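Throughout, read-outs are computed from the coordinates displayed, never taken from laboratory work. Just so you know, these numbers come straight off a predicted model, no measurement behind them. Note that we place each Cβ from the backbone using ideal geometry, even for glycine, and neighbour counts take in every protein chain shown.
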Amino acid sequence: MAGLATPALAQNVWHTSYYGQELAGRKTASGERFNPGALTAAHRTLPFGTKLKLTNIQNGRSVIVRINDRGPFVRGRMLDVSRGAASALGFVGQGTARLRVETLSGFAASSSPPSVDLKTTLAASEVGETAPLNDALINRADRALHN
């Protein structure tokens, strides 16, 4: 199965930006307050609570973030991360980066977009297992951005 994961990962490189201090304390789309130092991210369609492993393809630095907001709303960008995540990934100075995206195992098991049970997903994520992002979920997110 590991041999099958490699082609999927090559396709999951997203242009990513970050947002920071200017939104500190404001409510995110999920209802929680935005903390620029937290390891969180915004995506237009991925379910809240989805955990992603992001790797900066320029420097190899990785971090795990949790989707808690909606965005980005700039054409061509797939993900906004918190300033804390951007700092951990080493792209604060550049403003944007190309990141390889993987999800934790709770979202990779099915071939169709998952019905989300956040308790199960978060429990699976706590063991630290990672898997390639579910292709159906990625394709749905890509279509939403480009339509």
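The table below gives the values:
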read-out: Amide H within-cut-off set for Ala38, under 5 Å, with H built and near neighbours excluded; value: Gly84
read-out: Full-stretch length increase - Gln58, Thr45 - with 0.36 nm per residue and alpha-carbon distance subtracted; value: 2.1 nm
read-out: Ordering of 35-48, 87-100 by packing [mean C-beta count within 10 Å, highest first]; value: 35-48, 87-100
read-out: Ordering of 21-32, 64-75 by burial proxy (mean other Cβ atoms within 10 Å per residue, highest first); value: 64-75, 21-32
